[in-house]
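Down below is the structure, laid out as structure tokens.
The values are calculated or read from the model by the stated rules, or taken from the named source; none is laboratory data. Note that the coordinates shown come from a computational prediction; the quantities given were computed from them, not determined experimentally. We place every Cβ from the backbone using ideal geometry, glycine too, and count neighbours over all the protein chains shown. Quick note on the areas: whole protein, heavy atoms, side chains included, nothing else; ligands and nucleic acids left out. Shrake-Rupley method; radii C 1.70, N 1.55, O 1.52, S 1.80 Å.
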Amino acid sequence: MSQPDRPTSLHEPSVDWIRYHAGYSPGREAVHDLASGRRFTYAQLDERISRAALWMRDRLGVVRGDRVAVLSHNDSDVFEVQFACRRLGAIFLPLNWRLATPELEFICGDAGPRALLYGKEFEDAAAQVRRSCDLEHAASLANGGPCDYEAGLAGARGTLADPRVTADDTWTIMYTSGTTGRPKGARNTYRMGLYNAVNSVAACAVGPASRNLVFLPTFHTGGLNVYANPVFHAGGTNVVVRTFDPGHFLRVLSDRDSPITHALGVPTNFLMTAEEPGFDEADLDHLVLLGVGGAPAPLALLERYARKGTPLQQLWGMTETGPLGLVLDAEHTLEKAGSSGLPVMYSELKVVDEEGRTVGPEVTGELMIRGPNVTPGYWNRPEANRDSFTEDGWFHTGDAARVDEDGYFYIVDRWKDMFISGGENVYPVEVENSIYELDGVLENAVVGIADEKWGEVGRAYVVLKDGSNLDGGAIIEHCRERIARFKVPKEVRFLEELPHNATGKVLKHELPRD
């Protein structure tokens, strides 16, 4: 059941954070795009956002409620488009550039964007998506270089009417993989953005002096909302890195001339960075918070950063939760290693059994969450909305968890079969469906196995039809052509048959993980 309607008391202009800071502190730096070298104050960013909104309205035909898709590496322009959508009452639709083109076609077919803005590096994929989805408008981005976007801003004229957005209006749709093999678009409202920002102030020390390094992809809730949007809300500065490179990441983190205070990554990012030459000598004392989420952080990794005096603060959240739901304070990094911490201020969390009853300490059950930071539902998915919420508004996270005697939460497993590779959720059925497209495959099952670099990777167990001569390389290459690279199995093992129960269901827990 969808969440019940909540009373709305928040109206424009309080949710237009950039316009507020442009009036309150116009000369403060809002964003520094490292790839292009561009730096914009809040006044300059405010002007560019207004021009972007005018161009989108007058040239691309975007009106209230329209979706605007963006396919781009990290770029300060992406944030401009996000806030331009707010000024039109339109809906921001960031696309995962790691997806295969057929996956992008499904998302755009489902969301029905009015326009697609794309980085020039994705020109071919954008052209194919536009043709297959019959999109009316497409325009290029180029990280400050010559492109449709910059030309559009230069020629934009006019005034903008107040769209009167409210806290319950949808600001962003972020697509996440689903257990049915088809991604679902989680609606993120202005209310969710506000409470996530407030929770970031309370739990993550975000404030006007914060300088956040944005290096996770901005199509991901971690890149967009931890801590980028909360920093804009607070009037701080976002430093944008186009893509992650561990050597560059370490150099930027340790630069005392332009000190970073905040950054969020997945364990793989910090594992790779710790192996860079000069890591042990790097001066990171100016950092306020390095957050780690997306997957459990190994104890050895936590200890290595703690020895430098730079503890990794463990977090838990989902696209559907804004995302912050749990935060472990830095003082308990090692004492509560493995814990994702305590609930953020404006959220309720509990662990329940299969009957929905709250369980006691150290008992594993499903993690549930309720609060103003939780999505009101999925785009075009009434069945998923009914299944995802209880009648009194609790959201099923699908994660298995336990709570210790002190009230700290631990994510101990996935409630379903999903595994996490390099911080990205992988649902095996998506991979299995791709493998089933091969004519020589009789049956297959994909499981997550431990991997030193990526945390987890996929292993495919395959049963071939009689006479088939498929090998593992052909299966992997087939997957590479149809699904995102992070979903492609790292290895394939062949079996005579898969283990089944009496009803024919594959018993994945009986498949070897070693």
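Values as computed for the structure displayed
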read-out	value
Centre separation in Å (Cα based) which lies between the range 38-114 and the range 424-481	35
Cα-based shape type of the range 45-200, given that a ≥ b ≥ c are square roots of the gyration tensor eigenvalues and the cut on a/c is 1.5	oblate
For the range 245-308, average projected area of the Cα convex hull in nm²	4.0
Label-to-label distance, nm, for residues given as residue 513 and residue 494 (7 Å Cα→Cβ offset)	2.7
Cα centroid of the range 335-387 to Cα centroid of the range 241-286, whole Å	32
Lys, Arg +1 and Asp, Glu -1 on Cβ, resulting dipole of the chain about Cα centre, debye, nearest 20	1580
Positive-end residue, the chain charge dipole about Cα centroid, Cβ charges, pick of 345, 173, 159	159
Cα gyration tensor shape for the range 138-275, rounded if a/c is under 1.5, else prolate or oblate	rounded
Cα→Cβ-extended label distance, 7 Å offset, between residue 358 and residue 392, nm	0.9
Over 28 Å between alpha carbons, listed pairs 465/508; 184/350; 308/487; 184/336	308/487; 184/336
Peptides 280-286, 118-124 ordered by average Cβ neighbours within 10 Å, highest first	118-124, 280-286
Within the accessible area of the chain (1.4 Å probe), percent carbon and sulfur	48
Accessible area per residue, Å², the chain with all protein chains present, probe 1.4 Å	41
Axial C-alpha extent at least 18 Å, average Kyte-Doolittle at least 0.0 - helices from the chain (DSSP)	76-88, 190-204
Helical contribution to [θ] at 222 nm, DSSP H n ≥ 4, -39,500 (n - 2.57), averaged over the chain, rounded to 500	-8000 deg cm²/dmol
Anchor residue 490: aspartates and glutamates whose Cα lies under 14 Å away (excluding residues fewer than 8 positions away in-chain)	432, 451, 452, 456, 471, 477, 514
Cα gyration tensor of the chain - equivalent ellipsoid semi-axes, whole Å, descending	35, 28, 24
Cα gyration tensor shape for the range 36-83, rounded if a/c is under 1.5, else prolate or oblate	oblate
Calculated FRET efficiency for the pair residue 468/residue 160, C-beta based, R₀ 45 Å, to 0.05	0.15
The chain, relative contact order [Cα under 8 Å, separation at least 6], %	13
FRET efficiency, 1/(1 + (r/R0)^6) with R0 25 Å, evaluated for residue 25 and residue 257 via beta carbons	0.70
